[in-house]
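No value in this document is a laboratory result; all are computed from the given coordinates. Just so it is clear, the structure is predicted and the values come from calculations on it, not from any experiment. In this analysis, Cβ positions are derived from the backbone assuming ideal geometry, glycine residues included, and neighbour counts consider all displayed protein chains.
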Amino acid sequence: MDAKIQKSTRLSLAQKKWLLRGLTQPGGKLPLFDENGKKINLQVVRKCVDEGWAEPWFANHLKPDWLVCKLTDAGRTAITTDKN
């Protein structure tokens, strides 16, 4: 049996909220902090990068532990096709 395994395109609420914010930013930049000033959960960021919905944009030399990302075309597609 030769079956292909497809990646999940189902977004969690946290992932969707984060990715949606990239739609209105120049270059699709994704925020480091939520609307209340709390740092975005690193698990959310890493899962989105692993799924190809976001990609690292540049290294932040002032805060090397912060992962600055931008929305990908796959992320835009995931947002628009997600049923949540």
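When the chain is treated as a Gaussian network with alpha carbon springs shorter than 10 Å, the biggest mean-square fluctuation among Lys29, Lys47, Lys39 belongs to Lys39.
Would you calculate a helix-derived [θ] at 222 nm for the chain, using -39,500 (n - 2.57) for each DSSP H run of n ≥ 4 and dividing by the full residue count, to the nearest 500?
So the helix-based figure for the chain works out to -10000 deg cm²/dmol.
Highest GNM mean-square fluctuation among Trp18, Trp53, Trp66, for the chain modelled with Cα contacts below 10 Å: Trp66. Using only side-chain charges placed at the Cβ, +1 for Lys and Arg and -1 for Asp and Glu, the dipole size of the range 4-84 relative to its Cα centre rounds to 160 debye. Return one number: the angle in degrees, 0 to 90 and rounded to the nearest 10, between the long axis of the Cα atoms of helix 42-51 and the longest principal axis of the Cα atoms of the chain. That helix lies at roughly 40 degrees to the long axis.
In the calculated pair distance distribution of the range 13-81, what percentage of Cα-Cα distances lie above 18 Å?
Of all Cα-Cα distances in the range 13-81, 27 percent exceed 18 Å.
Using 1/(1 + (r/R0)^6) with R0 = 30 angstrom and r between the beta carbons of Ala59 and Gln25, what's the FRET efficiency to the nearest 0.05?
Details: r = 19 Å, r/R0 = 0.62.
Efficiency, rounded to the nearest 0.05: 0.95.
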